[in-house]
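Notes for the one structure printed next.
Just so it is clear, none of the values below were taken in a lab; they were calculated from the coordinates. Keep in mind that this is a model prediction, so the values were computed, not measured. No Cβ is skipped: glycine too gets one built from the backbone with ideal geometry, and neighbour counts run over all protein chains shown.
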Amino acid sequence: MVTPVTLSQYSPYRHLTVTLPFEIFHFYSRPHSGCIPNRSHSGWRRHLSGILDNLSPDSKTDHKRYWRIATRYALFIGLYLITILIIMPPIAKKYGRVPLPFIETNHVRPLSIWTALLNRNYVRPELRAITYTAGDEMNRKYPGTVINYMDANFPFRDGFPLLPHISHNDGRKLDVAFHYIDKATGKHSNGNPSPIGYGGSEPPRKGEPDRPSLCISNWQYSYMYGWMPLSDKLAFDQSRTQDMINVFIKQKGIKTIYLEPHLKKRLHLTSKKIRLHACYSVRHDDHVHVQL
Ligand SMILES: [Zn+2]
């Protein structure tokens, strides 16, 4: 007795009919002379031969289809990489912008490679030089330390904001990650509790200015805070972060720095370059914003 069982239309094996109990599989998606159901137990060899006949063309077709899809993906990725690595930089140069590096250069690297892959890593040449200087200086003082950059600007067109950052629209702005310590070893880490740097806030402590509470009615101020999956293996490195901000402060080209008032107080920073940002901005206790 042969009982065909048709699989769900959503199953990847829907082209198979399972036949029980003695028949194994019967391929019926395409009518084929070799797959006429054999209802005799003694004809199982002929039936198996029909299965193999059917298996062959289907496998070849699937094989070709997968290769075609894989080739299209590879072509897209290749063209995309050529565009962002070879075509985009000379165009951006005409708009006075250069890319920050994809891989560690002068002790500067992207915290997330997606920042660079999505062209969110363009700045004015002066800002790149300052960032490299800061990277070198930090590495001299703390060997092995790198500066992790976050969002910068798009490659061209002034006035086109790098959302959600409204002001990152002219190549003059850059977000830089804080430094952290590995809790388990007590050593300096180049990691970040947040996968993208944003959202890993160091909130105000008792007695410190509490601007996040004052700006609570502006939803965008703390919208990255509280939901980002964060590593609990890292602790805020106050002294290295303080030193890094001081390195940026002493660069003549840097005119403005945004940092939450409670961290300005905690890190004993007094420079007038550190300014108060508006409540329609995002909070700056998970990164520091530097601009020309
Ligand atoms: Zn910023």
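The order of the peptides 91-100, 63-72 by mean Cβ neighbours within 10 Å, most packed first, is 91-100, 63-72. For the Cα trace of the range 189-292, dividing Rg by the Kirkwood Rh returns an Rg/Rh value of 0.94. Which pairs in the list 183/264; 141/272; 206/273; 64/93 are over 32 Å apart, alpha-carbon to alpha-carbon? Flagged as over cut-off: 64/93. Here's how it looks for residue 183: its modeled amide H is under 5 Å from those of 234, 235, which are all 5 or more places away or on a different chain. Across the range 98-291, the volume of the C-alpha convex hull divided among the residues equals 116 Å³ per residue. Within the straight-line cut-off of under 26 Å between alpha carbons, the lysines reachable from residue 94 are 173, 252, 255, sequence neighbours fewer than 8 places apart in one chain being disregarded. With θ taken as phi - 60° and the Karplus curve 6.51 cos²θ - 1.76 cosθ + 1.60 applied, the whole-hertz 3J(HN,Hα) list for the range 248-257 is 5, 4, 7, 6, 4, x, 7, 9, 9, 10 Hz, x standing for glycine and proline. All Cα-Cα distances of the range 105-204, cut into 5 Å bins from zero to the largest, leave 2, 13, 21, 23, 20, 12, 6, 2, 1, 0 percent in each bin in turn.
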